[in-house]
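The values are calculated or read from the model by the stated rules, or taken from the named source; none is laboratory data. Remember, predicted model here, so these are calculated numbers, not experimental data. Positions of Cβ are generated from backbone atoms using ideal geometry, with glycine treated the same way; all protein chains shown enter the neighbour counts.
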Amino acid sequence: MLVLGIDRSAGGWPALAAGGVGAGRLIAALDAEPAVLGAVVLSTCARTEAYVDTARFHDAHRAFVRALAAASGEPEQDIARWTRARRGPQALEHLFRVAAGLESAVVGEHQVTGQVRAALAEAVARGTTTRSLDLAFQNALRVSRMARTRLLPRHRTIAAAAWQQAADGVPGLVPGVALVIGTGAFARECAAEARQRGSHTVLVHSPSGRNTADIHGDHEVAADELVDALAVSDVTLAASGHGTAVITPAIAEQALRQRSTPLVILDLAAARDTAPGVADEPGIHVVTIDEVAGHAGGVTAAAALVHAEAQAIYPRIAGPELDDVIVTLRRRVESLVGGSGVDEADPVLADAVRKVTQALLHEPTARAREAAASGRLDQYRAALETVFGTGTGTGLAPESATRRARGSAA
């Protein structure tokens, strides 16, 4: 198991902004790579990650970088520099931490668990999951529920945490009119938070011109209406990740001149929707995603549980891959030992062939099990291909369809 990803801590905001739009393209590109047996793509406001079932790291890495570069328009060398890779038990533990909210800006927030569940459902629908990936994600959802019993989160979502911080900093803040900037899933969550806080009117502005119907707002704000919308809104939730600043100092100043109260902006986009300098203006209160990051109580206990579960479950995740390696290894050794024309009708010779085969397989099989347990099975496969020839360690042609079918049926 391999995870390739870009998250907010690594930079690469344009690539992150493109991740949600290009998630389908990304999973299609990975699915088209012969070395990839299966893939699940998780795309949120703070991360774009591909969980990959593959025996060949470099081929999967190249496909990920090329697809994300095409979606974002960023150079491949920059995408490669921003991309982080984890293998084996470390990849599984990372998935568990993500699902439990331990890698979120607001530790313990719940929405990421739904995003993990949706990513698996999308992969199953596309037929790109495998038995190993399905097992990994199902256990991630189970472990996330266990971990949350040890966490004492202050807020359920990033938007809730940001709203509370704004309320603490701006006494008398009322939720009457909210302006949401963006049209993606995160913008939809921000609109839902505004409704929950008591906003009677939700305005929606799409910097990219995309349809805003999914946000369920009361009015769509055109580009030439943005200043007026900012002026009448009690709170603005910027969550587009458009890659280009939507609220410039000039726009903010024009809106502020029409108000008698502070201009409150919750800039929660991966790529900032407010330009540098906006937060420095008197009368403008900006809360960024970095400012709402905080640790819930019980993080140490939750992290320890996640680590222990990942270590315990990983051998089961690696099991199907290990089985394939051992089967292909056995077939190769048997073909070499029996390929000299041994008469299988002769029981003495047949018994000798079996004993020789078992002796030759004993050490490589033990090494394969050790490699699987330590997350180095892909390296072991590569070594087998070097020794025995291409195809010995992977069996990609026949195994890909078989394992994908097994994963879909699981």
Being over 15 Å from residue 264 (Cα atoms), free of Cβ contacts under 8 Å to residues at least 24 places away in the same chain and not β-branched (Val, Ile, Thr) narrows it down to one residue among 219, 200; which is it?
219
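Assigned by TED's automatic domain parsing to the domain that holds residue 193, part of a loop (DSSP other than H, G, I, E, B), surrounded by 24 or more Cβ atoms within 10 Å (Cβ to Cβ) and of a type outside the set (A, V, I, L, M, F, W, C): is that true of residue 260 in this structure? Please lay out each step first, then the result.
Numbers: assigned by TED's automatic domain parsing to the domain that holds residue 193: yes; part of a loop (DSSP other than H, G, I, E, B): yes; surrounded by 24 or more Cβ atoms within 10 Å (Cβ to Cβ): no; of a type outside the set (A, V, I, L, M, F, W, C): yes.
For residue 260, the condition - assigned by TED's automatic domain parsing to the domain that holds residue 193, part of a loop (DSSP other than H, G, I, E, B), surrounded by 24 or more Cβ atoms within 10 Å (Cβ to Cβ) and of a type outside the set (A, V, I, L, M, F, W, C) - is not met.
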Since residue 74 meets every condition but one in (1) in contact with a Pro (Cβ under 7 Å, 6 or more places away or on another chain); (2) within 24 Å of residue 193 (Cβ to Cβ), which condition does it not meet?
(2)
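Residue-by-condition table, conditions (1) within 25 Å of residue 190 (Cα to Cα); (2) buried (at least 22 other Cβ atoms within 10 Å of the Cβ); (3) without any contact (Cβ under 8 Å) to a residue 24 or more places away in the chain; (4) not hydrophobic (A, V, I, L, M, F, W, C):
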{"site": "100", "(1), (2), (3), (4)": "yes, yes, no, no"}
{"site": "115", "(1), (2), (3), (4)": "yes, no, no, yes"}
{"site": "125", "(1), (2), (3), (4)": "no, no, yes, no"}
{"site": "131", "(1), (2), (3), (4)": "no, yes, no, yes"}
{"site": "142", "(1), (2), (3), (4)": "no, no, yes, yes"}
{"site": "146", "(1), (2), (3), (4)": "no, no, no, no"}
Count, please, the residues in region 54-86 that happen to be within 22 Å of residue 99 (Cβ to Cβ) and at pLDDT 90 or above.
6
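List the helices (runs of 4 or more DSSP H) that sit entirely inside region 18-131 and contain at least 1 residues that are within 19 Å of residue 239 (Cβ to Cβ). Don't jump to the end; show me each part of the working.
Numbers: elements: 57-72, 76-82, 88-99, 111-126.
Fully inside region 18-131 and qualifying: 57-72, 111-126.
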